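This report concerns only the one structure given below.
The values are calculated or read from the model by the stated rules, or taken from the named source; none is laboratory data. Since this is a predicted model, take the numbers as computed values, not measurements. Here the Cβ is made from the backbone with ideal geometry for all residues, glycine too, and neighbour counts use every protein chain on show. Just so you know, the surface numbers come from the protein's heavy atoms only, side chains and all, with ligands and any DNA or RNA stripped out. Shrake-Rupley method; radii C 1.70, N 1.55, O 1.52, S 1.80 Å.
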Amino acid sequence: RAKDRGKNNFQFYSAYMSQHAAKMLALESSLRRAIEREELVLYYQGKVETRTGRISGVESLVRWQHPELGLLSPDQFIPLAEETGLIVPLSKWVLREACKQVCEWQRQNLPPLNVAVNLSARQFVDDHLLEDTALVLRELGMDPTLLELEITESMMMHNPEHTIQILQGLKAMGIRIAIDDFGIGYSSLSHLRQFPIDIIKIDRSFIQDVPGDPADEAITEAIIAMGKSLKITVVAEGVEKPEQLQFLSDLSCEEIQGYFFSKPLPAKDFTKLLWRNLAPVAVPSRRPAAK
Ligand code: C2E
Ligand code: MG
Ligand code: MG
Ligand code: MG
């Protein structure tokens, strides 16, 4: 009978739920330990000036070096961290680590490099963001203009008034603000004007099929044109092929990021890339190429 089946389903469901809950709990406690034991690592991906081939900045991307499961990507644990609140200590670690690394590159006398850090939705409603960020910058003696914080449209639109307030606070400190994954959210152009935005990163889903897909070409072109007229730097994400770079370069898109230039790398490997980039390959070299 339907009623019995319903009961059975409920039993299955609750068995599934408690299994799921147990799995979540186990992951939660191992993530908690991971933060304490420094099993988290940052990878770095360069942002490159289209015109010169110079690396102008770097985005920090977190990974979890799990003792049994290997290297986990953020999509495998950021949602859990958000759900459990562990995103707060995790994000603090990321911010400090990314800033420490950029200070370290400065100590090595590499050209000044911006560092971008992804913010989570939870951090954005947290009242301590301004304080925590100011503290890290102060402790490290870091120039705040080197720091970029990346937020998404959905984070901005969740509570626009609150967002404007926080962004203005960050701007007042000298920090720059980027909108990540731009184009897939719901922010309107009139909204955009109200936010103190410095950088827009075109979502890689639009870049994937350019040149070729007329709709994606038109959207990409429109975002680049809008950025120019609003004096916002436009970065294209997910550039993998030379044709994409050519297309973007023809539209004078200022910066690109993607596998074409480099995958995200551990700090040590990224440092080598920085030294090599002192004589970028995209421009006819004026200096003898660095060894
Ligand atoms: P995102 O901020 O949009 O970062 C770009 C993602 O695209 C990265 O994935 C990067 O590895 C990937 N990517 C870069 N170039 C290419 C390309 O040419 N082709 C393709 N197919 N992919 C490319 P990743 O590292 O797996 O990070 C995924 C997302 O996780 C990030 O998206 C960001 O939203 C989030 N995330 C990463 N690190 C952090 C963090 O420290 N805190 C928070 N809250 N979120 C983070
Ligand atoms: Mg990002
Ligand atoms: Mg993105
Ligand atoms: Mg993203």
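Observations
- Positions within the range 163-204 being open to solvent by 10 Å² or more (accessible area, probe 1.4 Å), of a type in the set (D, E, K, R), in a strand (DSSP E or B) and within 15 Å of ligand 4 (Cβ to nearest atom), in sequence order: Asp180, Asp181
- The set of residues in the range 117-154 being farther than 16 Å from Trp93 by Cβ, open to solvent by less than 20 Å² (accessible area, probe 1.4 Å), touching a helix residue (DSSP H, G or I) at 6+ places or on another chain (Cβ under 8 Å) and within 16 Å of ligand 2 (Cβ to nearest atom) consists of Phe124, Ile151.
- Residue count for the range 75-86, restricted to those that are without any contact (Cβ under 8 Å) to a residue 24 or more places away in the chain and open to solvent by less than 40 Å² (accessible area, probe 1.4 Å): 0
- Taken as a whole, the range 73-85 holds no residue that is closer than 29 Å to Ile232 by Cβ and away from ligand 1 (no atom under 15 Å from the Cβ).
- Every condition in (1) assigned to a loop (DSSP other than H, G, I, E, B); (2) within 20 Å of Ala267 (Cα to Cα) is met by Asp127 except one, and the failing one is (2).
- Subset of the range 22-60 [within 20 Å of Pro79 (Cβ to Cβ), polar (S, T, N, Q) and modelled with pLDDT of 95 or more]: Ser60
- The range 229-262, subset in contact with a Leu (Cβ under 8 Å, 6 or more places away or on another chain) and farther than 19 Å from Ile199 by Cα, residue most open to solvent (accessible area, probe 1.4 Å): Phe260
- As a summary of the residue check, Ile202 satisfies the conditions (1) out of contact with any Cys (no Cβ under 9 Å at 6 or more places or on another chain); (2) on the phi < 0 side of the Ramachandran plot except for the one numbered (1).
- Pairs meeting the criteria (first residue in the range 46-72 and under 18 Å from Asn118 (Cα atoms), second residue more than 16 Å from ligand 4 (Cβ to nearest atom) and of a type in the set (S, T, N, Q), beta carbons under 6 Å, at least 6 apart or on different chains) are Gly46/Ser262; Lys47/Ser56; Gly57/Asn114.
- Any chance Arg107 is basic (Lys, Arg) and surrounded by 15 or more Cβ atoms within 10 Å (Cβ to Cβ): no
- All positions within the range 21-58 that are open to solvent by 80 Å² or more (accessible area, probe 1.4 Å), over 20 Å from the mean Cα position of the chain (by Cα) and not aliphatic (A, V, I, L, M): Lys23, Arg32, Arg33, Glu36, Arg37, Glu38, Arg51
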